[in-house]
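Asks: Questions regarding the structure given below will be posed in turn.
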Amino acid sequence: RKEVEQDPGPFNVPEGATVAFNCTYSNSASQSFFWYRQDCRKEPKLLMSVYSSGNEDGRFTAQLNRASQYISLLIRDSKLSDSATYLCVVNINTNAGKSTFGDGTTLTVKP
Amino acid sequence: DTAVSQTPKYLVTQMGNDKSIKCEQNLGHDTMYWYKQDSKKFLKIMFSYNNKELIINETVPNRFSPKSPDKAHLNLHINSLELGDSAVYFCASSHERRTEAFFGQGTRLTVV
């Protein structure tokens, strides 16, 4: 089993749609969680951190469920510019502090 | 002003050559990383350094040797390049080992 697993996608949605991505992680010692966005031929960039209580940033909402070991990302009112690959990232609480990236979910928002 | 910068951006070289990729961060971070993103877009960690000390070495062939002369720099040297080394290599840094990472723009390595 992979340490971090994401919905395989791709997701193709019309503008204005609401779309949700899920991500599960296997190590219960995981301490911090993030969603990154990667545009084609660009570097990954932090979209938002994920907090235990859930957090929102504009049209984006991230949630964490420690009991079930998954995190989610909800995008409301999708824009064409939201088209990208979304990467789930989990940091494990060891001395190594390794960030493990999911394989990404590709979102295409169409007019 | 670039926070994490790596050079070169593109590198095309022949099999068997030795090449280096340089990375510098001006964020004052104490942890730096090298990641490899293959043709299927999977991003895998290769190395992590914390305050110039190697923390992670993820089953990477010993043809790959990272070097950290100081906290702000982490270079990657690759010996005897193989076709399978073709990928995008990303350098990244973070303030602490468990916080978010900031990535460089990537080095697209093509081995021919």
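The values are calculated or read from the model by the stated rules, or taken from the named source; none is laboratory data. No experiment lies behind these values; they were computed from the predicted model shown. Please note: Cβ atoms are built from the backbone with ideal geometry, for glycine as well, and neighbour counts cover all protein chains shown. Note: areas computed on protein heavy atoms with side chains; ligands, DNA, RNA excluded. Shrake-Rupley method; radii C 1.70, N 1.55, O 1.52, S 1.80 Å.
Asks: Filtering segment B:20-42 down to residues that are within 14 Å of B:Arg108 (Cβ to Cβ) and more than 12 Å from the chain's Cα centre (by Cα), which residue is least open to solvent (accessible area, probe 1.4 Å)?
Replies: Taking segment B:20-42 first, the residues within 14 Å of B:Arg108 (Cβ to Cβ) are B:21, B:35-39, B:41.
This time we only want the ones that are more than 12 Å from the chain's Cα centre (by Cα), so: B:38-39, B:41.
On the way: B:Asp38: 56, B:Ser39: 107, B:Lys41: 112 Å².
Selected residue: B:Asp38.
Asks: Determine the pairs where a residue that is within 14 Å of chain B (Cβ to nearest Cβ) and under 19 Å from B:Glu100 (Cα atoms), located within segment A:49-71, has a partner that is small (Gly, Ala, Ser) and part of a loop (DSSP other than H, G, I, E, B) with Cβ atoms under 7 Å apart, the partner being 6 or more residues away or on another chain.
Replies: Hits for this filter: A:Ala62/A:Gly54.
Asks: When you scan segment B:52-72, how many residues do you find that are within 14 Å of B:Ile21 (Cα to Cα) and part of a strand (DSSP E or B)?
Replies: 6
Asks: Please go through (1) within 14 Å of chain A (Cβ to nearest Cβ); (2) part of a strand (DSSP E or B); (3) out of contact with any Asp or Glu (no Cβ under 6 Å at 6 or more places or on another chain) for B:Ser5 and return the number of the only condition it doesn't satisfy.
Replies: Of the numbered conditions (1) within 14 Å of chain A (Cβ to nearest Cβ); (2) part of a strand (DSSP E or B); (3) out of contact with any Asp or Glu (no Cβ under 6 Å at 6 or more places or on another chain), the odd one out for B:Ser5 is (3).
Asks: Any idea how many residues of segment B:66-108 are within 14 Å of chain A (Cβ to nearest Cβ) and either touching a residue at least 12 places away in the same chain (Cβ under 8 Å) or in contact with a Lys or Arg (Cβ under 9 Å, 6 or more places away or on another chain) (or both)? Break it down into steps so the answer makes sense when it comes.
Replies: Within segment B:66-108, the first condition is being within 14 Å of chain A (Cβ to nearest Cβ), and the residues that meet it are B:87-108.
With either touching a residue at least 12 places away in the same chain (Cβ under 8 Å) or in contact with a Lys or Arg (Cβ under 9 Å, 6 or more places away or on another chain) (or both) added as a condition, the list becomes B:87-97, B:101-108.
Matching residues across segment B:66-108 total 19.
Asks: Considering A:Ser68, A:Ser78, which residue is touching an Asp or Glu at 6+ places or on another chain (Cβ under 9 Å), at pLDDT 90 or above, more than 26 Å from B:Met46 (Cα to Cα) and not in a strand (DSSP E or B)?
Replies: A:Ser78
Asks: Of all residues in segment A:8-49, which are assigned to a strand (DSSP E or B) and among the polar types (S, T, N, Q)?
Replies: Initially, segment A:8-49 is screened for residues assigned to a strand (DSSP E or B), giving A:11-14, A:19-25, A:30-38, A:45-49.
Once the filter is applied, which keeps residues that are assigned to a strand (DSSP E or B) and among the polar types (S, T, N, Q), segment A:8-49 yields A:Asn12, A:Asn22, A:Thr24, A:Ser30, A:Gln31, A:Ser32, A:Gln38, A:Ser49.
Asks: Quick one: in segment A:50-64, of everything that is open to solvent by less than 50 Å² (accessible area, probe 1.4 Å) and part of a strand (DSSP E or B), which residue is nearest to A:Ser26 (Cα to Cα)?
Replies: A:Leu64
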